[in-house]
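The values are calculated or read from the model by the stated rules, or taken from the named source; none is laboratory data. Not measured: the values here are computed from a predicted model. Note: ideal-geometry Cβ built from the backbone for every residue, glycine included; neighbour counts use all protein chains shown. Side chains are part of the model used for accessible areas, which takes the heavy atoms of the whole protein and leaves out ligands, DNA and RNA. Shrake-Rupley method; radii C 1.70, N 1.55, O 1.52, S 1.80 Å.
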Amino acid sequence: MPRVSLVGAGHGGSEDYATLALWWTAESGTDYGSLIEAVCSGIVAVSNTMFSGATPHGYAVYAKSGEDFNGTNELTCPQAAGFDVISPNGSVSGIASIGTGSNQGMSQTGQDTLVEFCFLSHSGTGDAANQNSTNTNKIMRNCVIDGVGNFGFVANSNTFLNQVENCLVIGTSLWGILASNASVLIQNNFCFGHSTNDISSNTGVFITNATQDLTGNAGLTGFTSAELVNFAGGDYRTKSTSALATAGTGAQGFIGAFLEVSSGITVTEDTVNTNYTVLDPTITLTGTITVTEDTVNTSYTSLDPTITLTATITITEDTVNTNYTALNPTITLTPTDTIVITEETVNTNYTSLDPVIILSGTITITEDTVNTNYTALNPIINSQVIISSTFSGVLKEILFSGSIKETSGFTGTVKNININGILNKTSGFNGAIKSSTFKGVL
């Protein structure tokens, strides 16, 4: 069978083993050249599961992606019925384990073992979790331990480098955490609701633990379930607004098993797509505006918008595609200095009824190709100097006030041309000019 096995009924019929006990019996002695893995989903055990004996390269038992216990989903994460983790060099992660009878939710006695992100409890006389052995390097962290009966978490007879860290120990047991060896590290745990003591430890290394009674570290007593997001509803995360959210020690920095994510919105991406629909908007951009990216796509639909751009506007990119549809827009560009557009290709498609376009100041367009498609009813275009123009369509009126060096390529109908200035050259008219008036030199 595979080194990485699917275990449990939640795999929709594709599981390799129905239970962890069957998986362990079949795979624990197989040498694949690396550790064996069990990906758990749904119910993975209906009775206590024991991992005993040595594996060739260790083992990892963990929840299917997206189903890990996260402090809010104890009923929908993978479900077991108690563990005895005796075999060394292994880990269990993301699972809910409810011990029955005298069985613990998690008995972690194997050397060099890790239990993390689990919900651990029991329904009988056993402990919710314990590390009762002389083996070393046993770590339990980020677990919710729900103790009923005697103890929530017990660590006795330990010798060296064992720890319980960032666990939430709740329930109605006599003691929340009971540790009696100086080598046990007890750090960043939150315990409340226990009938004798929330924490009982005379010899362990005791750092930033919070309690409801007076057994917590200095300044970390008097805390209740109010520090959790929704204790009654099964959300066991420490509130982001709680004092415990920043009171912890070490890399995790908080007290409890899980931490609520604080509010905030951050958007970082390579492409910006903006679609904006509104009636009669007023949009004002002030200051210095710089857009630098590969592609900017802006689609804007509006009735009678007013857009005002002031200060310096710089657009640097390979391609700009601007599609603008509006009724009777007024667009005013009034730069305090200049408006500079530098790019290889500019494609501008503009459809409008009766637009008025006013450009004042210094406007510089530097590019290899300019493709301008302009369709409008009854436009009025005012310009001082026209070097060259090519127009295909119907114009109601053209008013030229200034010098015209060359006009060419007119195809269509021009109802009226009024020129007040100097016309150096005209050529290429293919169509009809209904009337024209020249005041100047031809």
Exercise. For the range 25-49, name all the residues that are open to solvent by 60 Å² or more (accessible area, probe 1.4 Å) and part of a strand (DSSP E or B).
Key: I43
Quiz prompt | S102 among the hydroxyl-bearing types (S, T, Y), modelled with pLDDT under 95, within 24 Å of F153 (Cα to Cα) and surrounded by fewer than 17 Cβ atoms within 10 Å (Cβ to Cβ) | solution = yes
Quiz item: Given F223, F206, which one is open to solvent by less than 60 Å² (accessible area, probe 1.4 Å), more than 21 Å from F117 (Cα to Cα) and either in contact (Cβ under 8 Å) with a residue 24 or more places away in the chain or assigned to a strand (DSSP E or B) (or both)?
Solution: F223
Quiz item: Given F83, F117, which one is crowded, with 24+ Cβ neighbours inside 10 Å and either within 21 Å of G256 (Cβ to Cβ) or touching a residue at least 24 places away in the same chain (Cβ under 8 Å) (or both)?
Solution: F83
Quiz item: Looking at (1) over 20 Å from G147 (Cβ atoms); (2) at pLDDT 95 or above; (3) surrounded by fewer than 17 Cβ atoms within 10 Å (Cβ to Cβ), can you tell me which one Q111 breaks?
Solution: (2)
Exercise. Those residues that are hydrophobic (A, V, I, L, M, F, W, C) and out of contact with any Leu (no Cβ under 8 Å at 6 or more places or on another chain), I need them from the range 200-219; list them, please.
Key: F206, L214, A218
Quiz item: Would you pick out the residues in the range 114-124 that are hydroxyl-bearing (S, T, Y) and at pLDDT below 90?
Solution: S123
Quiz item: Considering only the range 188-200, how many residues are buried (at least 21 other Cβ atoms within 10 Å of the Cβ) and modelled with pLDDT under 85?
Solution: 0
Exercise. From the list L161, L185, pick out the single residue that is at pLDDT below 80, within 39 Å of the chain's Cα centre (by Cα) and more than 25 Å from E74 (Cβ to Cβ).
Key: L161
Self-check item: Test result for G110, under 19 Å from V4 (Cα atoms) and not in a strand (DSSP E or B)
Solution: no
